[in-house]
Amino acid sequence: MLATPIDRQFPARVGVVPLAAPFDPADPASIRVRSVAAHSLGRALERCPQFSHVSDISTDLPNVGGLEGLRLIAARYRLRYLLLYSEQIEDDTHLNGWAFLYPTLLGVFAAPGVTVESRGLAQADLLDVRTGTVLLSVVEPMQVSELQWAIGAGRAHARAQAEEADRAAAVLARRVGQQVGLLLAWAEEAGQGRRAPVTRILPAPIAPTPTADAPAAAAASASPEHGAGQGVAQSRPST
C-alpha cells in the first residue's frame, strides 16, 4: 500500500459525516454535533474551490460500523471523499471561591459560584472512500471557561460549548482547504518532475555484533604468515 501512488480527483463531491467517535458511524451522533457538522463545517467548505459539491451525510443508514460502514454509506451517496467530523470534550466544571456564600442562601442567587470549564478537540479527517486512505487529519483545540450562577449553569455551559464548536469547525474547514491545496500542488510538481521524493536512509544506531568465529577468521586472513603461505602454494608448479 505504501508503494502505491495516491490517485487524487479534485474538484470532487464530498460528504460531511458527523460521528460520535472518530472513524466509527456505529453510534448515532448527538444533535449538537450533527448541527455543527452540517451548518458550520459544511457551509464553510462550500467556499473551498477543491470541492464542487458538499453534501450532508446521515449515519442513520444501515452500516456495519468502522471504515467499512463509512464506505458503505459513501457508496449510497455515490461520493468519492468523506470528511469525518468528531469531537472529544472533557468537562471540568467546579465550584469557585464565590461558593462560600452559598450557605447564606442568598448567595445561591447572587454569586457566580460555578466555573463551567471544558477542554476538547474538534477533528476532521478526509477519507478516500475508494482506497480507504485517510488523506489528511486536522485538529483544532476547544476550550470554554466562564463564571456562572448555580441556577442555569448547565444551559450556559451547553451554549458556550456550541459557540466554541462553531468557531472550531470554521477553522477546520479553512485548514482542510489549505491541506488539500498543498497536496494538489505537490502532486502537480511531482508529476512534472520538478520535485521528486528523496529517500534518505539513516544508519543503524548499533553496529552489528560479530559472531565468535568472525574475529578469528578475519585475523587469520590478515596475518603475514597466512598471506605468505598462500603465495607459496600458488607459485608452486604442478608435477
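Laboratory data are not the source of any read-out in this text; all were calculated from the coordinates shown. Predicted, not measured: the structure shown is a model, and the values here were computed from it. Glycine also receives a Cβ, built like all others from the backbone with ideal geometry; neighbour counts cover every protein chain displayed.
Some points to look at:
- Per-residue Cβ neighbour counts within 10 Å put Ile73, Ile201, Ile6, Ile57 in the sequence Ile201, Ile6, Ile73, Ile57, beginning with the fewest.
- Taking Thr199, Thr131 and counting other C-beta atoms within 10 Å, the order from fewest to most: Thr199, Thr131
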